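K.L.:
Pasting a structure here, questions to come.
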Amino acid sequence: MISPFRNDLLKDHKILITGGGSGLGKSLALGFATLGASVAICGRRRDVLEETAAELNKIGGTHFFDTCDVRKPDEVARVVDGAFSSLGQLTGLINNAAGNFVCPTEALSANAFNAVVGIVLNGTFHCTQAVAKHWIEKKQAGSVINICTTYAWTGSALVVPSVCAKAGVLAMTRSLAVEWGRHNIRLNAIAPGPFKTEGAWKNLMPAGFEKFLVDKNPMKRLGTHEELVTLAALLLSGSVNYINGDCITIDGGEWLQGAGQFNGLLTVPPEQLEQLKR
Ligand code: COA
């Protein structure tokens, strides 16, 4: 895909990405760096962070990484302080770190529910609050993007801890967009549909499920990481700063496909539709 942006779109931007060592977080980190940003990444696995940091350094610019479990406020505070001291004033935060697994709800332990909600909802809160405290204290503008999902509003079977956590993240996004607009801090969410990552495919996708997702998608394909990076970069760039408190869906129309009562008629042979004509 040809980028619609100049390659210095994010020059002077300093962006912290949680879960930035792998998957979509890594693509966002590398994509932002390619557009001139300084990037800080954190995650639970040091080796993964080191590998991504080496790739960031090859692109150029100044970057920072540290290990962090976003469930732990003290670790979040250490990473956020480290990112501000290494890169200077952060301009953006991407709450991307997530945990999820497929499990019938009746079989979930309390700890299993708490593990996912702790990472996704509490982790997003800890990171957002820690970064915003810096911004508010220094009267600095900032932009937060929360990686959400369409099942935050449709719900979904078998991933109830994630559903509850992502719904909370969406509510937090909208609430803080209003609360902190006066500080020039914007919060938006992105709800990606199916985008291939090693983690999601290993943990959430039994054999044949990718084909199922592609077949039911109106666009008959998965999303590309470049598309997600482009959307996030646009939101961070400063060119569309009047977008605040929104959730932008990038799923090829996946969730709407399941919603429209007559969408199923697309699979009915045309001659049967002809029979409806008077
Ligand atoms: N089904 C049911 N319960 C599960 C589970 C599964 N597939 N995987 C983990 N759990 C339960 C554990 O049994 C434990 O509960 P228990 O103490 O009552 O036995 C609880 O969840 C916490 O698991 P643990 O592995 O100790 O926590 P963790 O903090 O190390 O892991 C998770 C966090 C649970 C989110 C884990 O799945 C994870 O780290 N995943 C990797 C990241 C990820 O999920 N990526 C998804 C790609 S989008």
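The values are calculated or read from the model by the stated rules, or taken from the named source; none is laboratory data. What you are looking at is a predicted structure, and each value in this text was computed from that prediction instead of being measured. Glycine gets a Cβ as well: all are built from the backbone with ideal geometry, and neighbour counts include every protein chain shown. Protein only, heavy atoms only, side chains kept; ligands, DNA and RNA dropped before computing areas. Shrake-Rupley method; radii C 1.70, N 1.55, O 1.52, S 1.80 Å.
K.L.:
Considering only residues of the range 109-123 that are near the ligand (Cβ under 8 Å from one of its atoms) and in contact with a Gly (Cβ under 7 Å, 6 or more places away or on another chain), which is nearest to Val79 (Cα to Cα)?
P.N.:
Checked the range 109-123; the qualifying residue nearest to Val79 (Cα to Cα) is Ile119.
K.L.:
Of the conditions (1) open to solvent by 20 Å² or more (accessible area, probe 1.4 Å); (2) away from the ligand (no atom under 16 Å from the Cβ), Leu235 fails just one. Which one is it?
P.N.:
(1)
K.L.:
Look through Asn100, Asn146 and report the one residue that is of a type in the set (S, T, N, Q), touching a helix residue (DSSP H, G or I) at 6+ places or on another chain (Cβ under 9 Å) and in a loop (DSSP other than H, G, I, E, B).
P.N.:
Asn100
K.L.:
So the check is Cβ under 6 Å with 6+ separation or different chains; which pairs have a first residue in the range 89-103 that's under 12 Å from Ile17 (Cα atoms) and a second one that's among the charged types (D, E, K, R)?
P.N.:
Cβ pairs passing all conditions: Leu90/Lys14; Thr91/Lys14.
K.L.:
Let me ask another. Would you check if Thr62 is modelled with pLDDT under 95, open to solvent by 30 Å² or more (accessible area, probe 1.4 Å) and not aliphatic (A, V, I, L, M)?
P.N.:
yes
K.L.:
With the condition kept exactly as written, say whether any residue in the range 124-144 is open to solvent by 60 Å² or more (accessible area, probe 1.4 Å), near the ligand (Cβ under 9 Å from one of its atoms) and over 22 Å from Ser239 (Cβ atoms).
P.N.:
No, the range 124-144 contains no residue that is open to solvent by 60 Å² or more (accessible area, probe 1.4 Å), near the ligand (Cβ under 9 Å from one of its atoms) and over 22 Å from Ser239 (Cβ atoms).
K.L.:
Same structure again: Considering every residue within the range 85-103, establish whether at least one is of a type in the set (A, V, I, L, M, F, W, C), within 16 Å of the ligand (Cβ to nearest atom) and within 26 Å of Asp8 (Cβ to Cβ).
P.N.:
Yes, that holds for at least one residue.
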